[in-house]
1. Which of Thr257, Leu69, Asn118 sits closest to the plus end of the dipole of the chain, meaning its Cα is farthest towards the positive end, when Lys and Arg get +1 and Asp and Glu get -1 on the C-beta?
2. Gaussian network model of the chain, Cα springs within a sub-10 Å range: biggest mean-square fluctuation belongs to which of Pro241, Pro228, Pro93?
3. Separation between the Asp252 and His130 pseudo-spin-labels, each 7 Å from Cα along Cα→Cβ, expressed in nm?
4. Quick one: Karplus J couplings for the range 181-188, per residue in order, coefficients 6.51, -1.76, 1.60, θ = phi - 60°, nearest Hz, x for Gly and Pro?
5. Using +1 on the beta carbon of Lys and Arg, -1 on that of Asp and Glu, and nothing else charged, what's the dipole of the range 199-307 about the Cα centre, debye to 20?
6. When only C-alpha pairs under 8 Å and at least 6 residues apart count, what is the relative contact order of the chain, in percent?
7. Charges at C-beta only: +1 for Lys and Arg, -1 for Asp and Glu. How large is the resulting dipole of the range 162-213 about its Cα centre, in Debye rounded to 20?
8. Which whole-number percent is the relative contact order of the range 22-159 (Cα, under 8 Å, 6+ apart)?
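We did not get these values from a lab; they are worked out from the coordinates using the rules stated. What you are looking at is a predicted structure, and each value in this text was computed from that prediction instead of being measured. Counting neighbours? That spans all protein chains shown, and the Cβs are built from the backbone with ideal geometry, glycine included.
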Amino acid sequence: MMLPTVSPMPAEHPSTPAALFPDYVRLSRSASPTYAPFDGKVPAKWRKAARKKGFTIVDRVKDRLHVALLCHDCGCTHAKRVSVVLGHSPECPHCIKHQRIEHARTVGAVLLGRDPKNRHYGFYQLSCGHRVRRQYHRVARAADGGHSLGCETCREERYRAQANKFGWDLLGPASRGKPGYRSYRHTCGQTQDIMVGNMVWGDCACSGCSLGRTARPSHIYIFRIDLPGRPVLKLGYSARPAKRLRHQLGIDKGITTEVLRVVNLPTGHDARAEEERAHRTLTAQFPDMVVAKAEYGDAINVTREIYRPKAAPLIRRLLDEIETRFPDTGERFPDIAA
Ligand SMILES: [Zn+2]
Ligand SMILES: [Zn+2]
Ligand SMILES: [Zn+2]
């Protein structure tokens, strides 16, 4: 069987590593592939359906279920199941590939090849030279929106350079995988998780050697907030709990509030770690005790850490346990009773 002459696919980008992505290269060379012919007529109904969808049926190929389609847009041929031609909207793999190459070019990248493990992903070389794996549709969105593709490697190198200015080294992801945080090591050897946004400004005290914000004594607290018809508890940490309750939570002045309990901790770093652990325990083991933001809305200026009054004994038990691990030094910190 003779297939019609078709226009050749555009040349690959010179940097395409054919050896790395044999699959991809196979597709790019198959603009006019030869399929095993299959004897049989092409019914007029099939031809009509194909034409309506932008293709010409060149012949029947492979087996009784397939036809070779010539794409009216790009002039390339590919094999398709007849059922797709009749019942669906057949897509031309060559046109899709052209689009993907074009999207990559628009965002300053080069499409290297497809991910053989996931058909939605391809490999790209970014303008910085790093290679990344990206979802095609995200690249298309970036191209449509005029954005470039971000490079994680370059981003982490930037974070490292920022940290170096303040005597820290970037170690990697935060120890608990918390988004927005990274694990850093101070020149003194101390390792801790710090918010990337704080590191940009050097706003980060080393709990190993400095008396900065997170190295000063702090507290874990329980507040009772008597929202009308819906009293709730707030568990949190703060260097100045009373100030936090009165001035930072945006609670209406007419609402009765009370500091139910305060546990002293040697540093803000400890307080935050213990507080986060307590929240994890509560949300994992007693999800019914958690009050959703939708329930209290703007009445309290936080998005989580709010519990039902019934949770008081559970929270007290957690705080008792923290207290046994951090026996009180006897020092009293200012505004607890303020
Ligand atoms: Zn096409
Ligand atoms: Zn890069
Ligand atoms: Zn230090």
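1. Towards the positive end, the residue furthest out is Leu69.
2. Among Pro241, Pro228, Pro93, the largest GNM mean-square fluctuation belongs to Pro228.
3. Distance between label points: 4.9 nm.
4. 10, 9, 8, 10, 10, 7, 4, 7
5. On the way: 16 positive and 12 negative charges, 55 e Å.
Dipole size: approximately 260 debye.
6. Numbers: 519 pairs, mean separation 29.7, N = 338.
Once divided by the residue count of the chain, the mean separation gives 9 percent.
7. Working: 6 positive and 3 negative charges, 18 e Å.
Computed charge dipole of the range 162-213: roughly 80 debye.
8. Values: 201 pairs, mean separation 21.9, N = 138.
RCO, the range 22-159: 16 percent.
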